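The values are calculated or read from the model by the stated rules, or taken from the named source; none is laboratory data. Note that the structure is predicted; figures quoted are calculated from it, not measured. Note that we place each Cβ from the backbone using ideal geometry, even for glycine, and neighbour counts take in every protein chain shown.
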């Protein structure tokens with residue numbers, strides 16, 4: 001088997017889907033009010049004092065903690081259907097299609113949330129490995145069920161999903177330091193290819 005691994009945000013897309021989804025999900029005033037409330041953790045993250053996973057979970061909890069899971073999933077599917085296409089790079093989609101034509105197994109590996117990536121990945125007929133949210137009693141807790149799928153966690157999660165002893169060759173596409181370990185896993189690496 002040949003595996004083609006694609007990061008999503010900034011590689012397949014022109015911008016970060018986490019922020020894009022937030023802006024789609026709440027009013028402009030709620031979005032900016034939330035950023036003001038979250039500014040201490042966002043500043044600490046920018047200064048390297050707080051890791052990405054901690055800052056991201058605090059942002060997610062602020063905006064979506066306590067939401068009904070059905071409401072969140074419906075919103076995520078609408079976003080996936082109507083908005084993701086607006087930020088996808090056509091040349092990245094062409095590359096995905098090229099791999100599929102070669103018979104390669106294509107997988108998106110992303111720190112973004114599976115809830116809004118699932119629908120898009122199914123439509124493209126690609127596998128998905130990404131961050132998953134925790135739901136208890138049909139309510140979003142605001143926490144992640146899996147570790148944030150970034151850096152070394154991308155490799156950990158890929159190895160949970162695929163038997164690499166059965167893989168003959170790996171292509172990988174990424175655009176940031178969060179993709180470094182994933183790119184190192186590949187036989188053929190493409191950094192900021194699109």
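A few points about this structure:
- Any chance residue 59 is within 17 Å of residue 145 (Cβ to Cβ) and touching a helix residue (DSSP H, G or I) at 6+ places or on another chain (Cβ under 6 Å): no
- Among the residues of segment 133-155, those identified as surrounded by 15 or more Cβ atoms within 10 Å (Cβ to Cβ) and not in a strand (DSSP E or B) are 146, 147, 148, 149, 150, 151, 153, 154, 155.
- Elements of type helices (runs of 4 or more DSSP H) in segment 1-64, at least 1 residues being within 29 Å of residue 125 (Cα to Cα): 17-25, 52-64
- Here 16, 68 are screened, and the one residue that is modelled with pLDDT of 95 or more and surrounded by fewer than 18 Cβ atoms within 10 Å (Cβ to Cβ) is 68.
- The set of residues from segment 164-189 being surrounded by fewer than 17 Cβ atoms within 10 Å (Cβ to Cβ) and assigned to a strand (DSSP E or B) comprises 169, 188.
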